[in-house]
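Asks: Attaching a single structure in structure tokens format; questions to follow.
Where a number appears in this text, it was derived from the coordinates with a stated rule and is not lab data. Please read all numbers here as calculations on a predicted model, not as lab measurements. Heads up, the Cβs are rebuilt from the backbone with ideal geometry, glycines too, and the neighbour counts pull from every protein chain shown.
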Amino acid sequence: MREAAGGISEWARRVRELRDEQGYDILTHKDRADLKPGQYMLLTARRRAILDRTISKEIRARVLERNGFTCQACGAAAGDPDPFHPDRTIRLTIGHIVDFSKGGKSEFGNLRAECTNCNEGLQNTSLPKPSRIELFKQIRRATLDDQRVVLEWLERKFGGRSKS
Ligand SMILES: [Zn+2]
């Protein structure tokens, strides 16, 4: 493997990339006494939410604001109850639109708000967005209370523009 990676330093660099940029949980001899230098252990095939290191706070804030602090995969908003963790609320992170592994860049246009569940692949995020008709059907048969909450949310979101 070392030879295939073009020498030990290249190999170590690639492992660092996989760990720090792509979020794989890779341990080295610095993390575990039973690993020798040059030995690595992949803890789980699931990737961590990446990025805090590679995306500036400013870009994160702009992406979250552009996406209305809403997961662009499942629609959950920051503060909603978390279906996978009953003891906490939805937390948002930043994900790639074109995946990092497919060459997607960590830049404003390729980033979007994602809840940590979607980002970690806990739910099927490839579901299509509801069509306008499906959306209206859901809203029309919702309770008046819920319709009012939707109205208030829309008014907050569009702030008076709808009155023109
Ligand atoms: Zn989500």
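Asks: With labels modelled as points extended 7 Å from the Cα through the Cβ direction, what inter-label distance (nm, one decimal) is found for residue 99 paired with residue 123?
Replies: Using points 7 Å along Cα→Cβ, the separation is 2.0 nm.
Asks: Can you work out ³J(HN,Hα) from phi for every residue in the range 136-151, in order, using Karplus 6.51 cos²θ - 1.76 cosθ + 1.60 and θ = phi - 60°, giving whole Hz and x for Gly and Pro?
Replies: 4, 4, 4, 6, 4, 9, 6, 5, 4, 4, 5, 4, 5, 5, 4, 4
Asks: Which of the lysines could be linked to residue 57 by a straight reach, that is with a Cα gap under 20 Å, when you skip same-chain ones fewer than 8 residues away?
Replies: Leaving aside lysines fewer than 8 places away in the same chain, those within reach of residue 57 are 105.
Asks: Give the lysines reachable from residue 129 as a straight Cα distance under 18 Å; neighbours fewer than 8 places away on the same chain don't count.
Replies: 137
Asks: Quick query: amide H of residue 94 versus all other amide H atoms, modeled in the peptide plane; which residues come in under 5 Å with a sequence gap of 5 or more or a different chain?
Replies: 114
Asks: For residue 118, what charge total do you get from the other residues with a beta carbon under 12 Å from its beta carbon, if Lys and Arg give +1 and Asp and Glu give -1?
Replies: Cβ neighbours under 12 Å give a net charge of -1.
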